[in-house]
Amino acid sequence: MTSPKNGQKIVGLAPNREHSFYGRDIVSVKQFSKQDLGYIFTVADEMRGIVKRVGATDLLKGYVLANLFYEPSTRTSSSFIAAMQRLGGSVIPIHGVQYSSVSKGESLPDTIRTLECYADVIVLRHPEMGASEIAARYATKPIISAGDGIGEHPTQGLLDLYTIYSELGTIDGLHVAMVGDLRNGRTVHSLARLLRMYDVSLTFVAPEILRLPDDVKGELTEAGRPVREMGRVEDAIEEADVLYVTRVQKERFADLRDYEAVKGCYEITPELMSRAKQRMALMHPLPRVGEIRYDVDDDPRAAYFRQMENGMYIRMALLAAVLGKA
Ligand code: ASP
């Protein structure tokens with residue numbers, strides 16, 4: 001079996017070579033068309049059906065995933081593991097790179113070239129923006145980014161868009177407000193880039209120093225999506241169909257005094273939710289560190305736990321797709 005990536009072999013059971021996802025890397029949401037998104041969401045729906053009905057399938061039996069995390073993770077890492085296991089495949093988990101040869105000074109390309117000797121697909125989280133593109137350049141097997149620094153988090157973007165669609169039944173026509181650390185929040189960058197393909201109104205709520213980066217803003221404006229920016233969530237909540245809240249990314253601040261100045265700048269409370277639409281979705285990529293009060297969790301509009309479950313179905317769909325089995 002020949003991978004379309006560079007003519008090298010992909011080990012495994014006969015894949016569907018016809019499908020455009022076969023052998024592809026997933027490093028940015030910019031690579032997806034609306035048609036691609038429709039396809040991924042349909043497969044994710046099927047994956048949800050399989051899990052609900054029978055728990056697992058042997059679609060990826062014999063395939064191996066290397067899960068390589070240079071930064072902390074709970075949801076992304078464990079949902080990729082669960083996704084691979086529910087598809088009948090197995091996982092090489094590398095979560096504490098301090099215990100791997102990375103701590104001996106091994107370069108990212110060499111680590112990638114090592115893991116692809118053993119695995120059919122590599123999931124990579126790395127603190128540097130652009131690291132997944134570099135890994136993809138060296139790898140002959142598909143690389144799936146699980147977040148690269150303050151760059152992008154493409155699989156989170158996909159599961160966020162899928163959640164909006166599952167919660168509200170549409171994307172076109174919605175008013176989406178994104179709140180918090182829009183500068184450093186890679187999930188914001190991926191979701192905003194996906195939303196620019198739809199007929200949506202976008203509001204960005206952040207303190208001055210955490211505003212959306214100029215490149216993302218430019219892409220939105222170019223796509224005909226005006227960028228409305230404000231500082232107070234109270235001014236955005238009433239018209240929002242989706243309120244996408246994020247944490248201030250402490251680990252990205254060079255000077256912790258800057259972090260201290262903006263941490264805790266937003267808190268979604270039941271009182272604030274009483275001003276929101278009856279039908280809306282409150283989302284958060286998680287972890288939360290105070291942005292959404294625990295007594296909001298029982299509100300039917302609080303979608304963040306459903307959102308994280310959706311992550312597993314999206315990741316099942318992506319793994320099956322890049323291995324030619326969807
Ligand atoms: N879990 C998400 C990420 O890895 C969001 C966050 O950490 O705040 O980007």
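The table below lists the values:
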read-out: Output for the stretch 127-143, where each listed residue is surrounded by 15 or more Cβ atoms within 10 Å (Cβ to Cβ), over 27 Å from Phe253 (Cβ atoms) and without any contact (Cβ under 8 Å) to a residue 60 or more places away in the chain; value: Tyr138
read-out: Positions within the stretch 244-275 being more than 16 Å from the ligand (Cβ to nearest atom) and open to solvent by less than 10 Å² (accessible area, probe 1.4 Å), in sequence order; value: Met273
read-out: Qualifying position, being in contact with a Ser or Thr (Cβ under 8 Å, 6 or more places away or on another chain), within 16 Å of the ligand (Cβ to nearest atom) and within 30 Å of Leu68 (Cα to Cα), among Leu191, Leu182; value: Leu182
read-out: Subset of the stretch 168-223 that is on the phi > 0 side of the Ramachandran plot and touching a residue at least 12 places away in the same chain (Cβ under 8 Å) - its residue that is most open to solvent (accessible area, probe 1.4 Å); value: Gly173
read-out: Hits in the stretch 113-150 - residues which are over 27 Å from Asn184 (Cα atoms) and either assigned to a strand (DSSP E or B) or within 13 Å of the ligand (Cβ to nearest atom) (or both); value: Val121
read-out: Total residues in the stretch 158-202, condition under 20 Å from the mean Cα position of the chain (by Cα) and outside any loop (DSSP other than H, G, I, E, B); value: 26
read-out: Residue selected from the stretch 281-305 under the condition open to solvent by 10 Å² or more (accessible area, probe 1.4 Å) and more than 16 Å from the ligand (Cβ to nearest atom), by the criterion nearest to Asp36 (Cα to Cα); value: Arg301
read-out: Count - residues of the stretch 112-126 that are out of contact with any Asp or Glu (no Cβ under 9 Å at 6 or more places or on another chain) and either closer than 20 Å to Thr155 by Cβ or without any contact (Cβ under 8 Å) to a residue 12 or more places away in the chain (or both); value: 8
read-out: Pick from the stretch 51-96, criterion among the hydrophobic types (A, V, I, L, M, F, W, C), without any contact (Cβ under 8 Å) to a residue 40 or more places away in the chain and crowded, with 17+ Cβ neighbours inside 10 Å, ranking: farthest from the ligand (Cβ to nearest atom); value: Val91
read-out: Some residue of the stretch 243-266 being over 30 Å from His126 (Cα atoms), in contact with a Pro (Cβ under 8 Å, 6 or more places away or on another chain) and at pLDDT 95 or above; value: no
read-out: Cβ-Cβ under 6 Å pairs, at least 6 apart or on other chains, the stretch 277-295 side within 14 Å of Glu167 (Cα to Cα), far side open to solvent by 10 Å² or more (accessible area, probe 1.4 Å) and part of a loop (DSSP other than H, G, I, E, B); value: Met280/Asp241; Met280/Arg301; Leu282/Arg301
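The values are calculated or read from the model by the stated rules, or taken from the named source; none is laboratory data. What you are looking at is a predicted structure, and each value in this text was computed from that prediction instead of being measured. Note: ideal-geometry Cβ built from the backbone for every residue, glycine included; neighbour counts use all protein chains shown. SASA here: full protein model, heavy atoms, side chains in, ligands and nucleic acids out. Shrake-Rupley method; radii C 1.70, N 1.55, O 1.52, S 1.80 Å.
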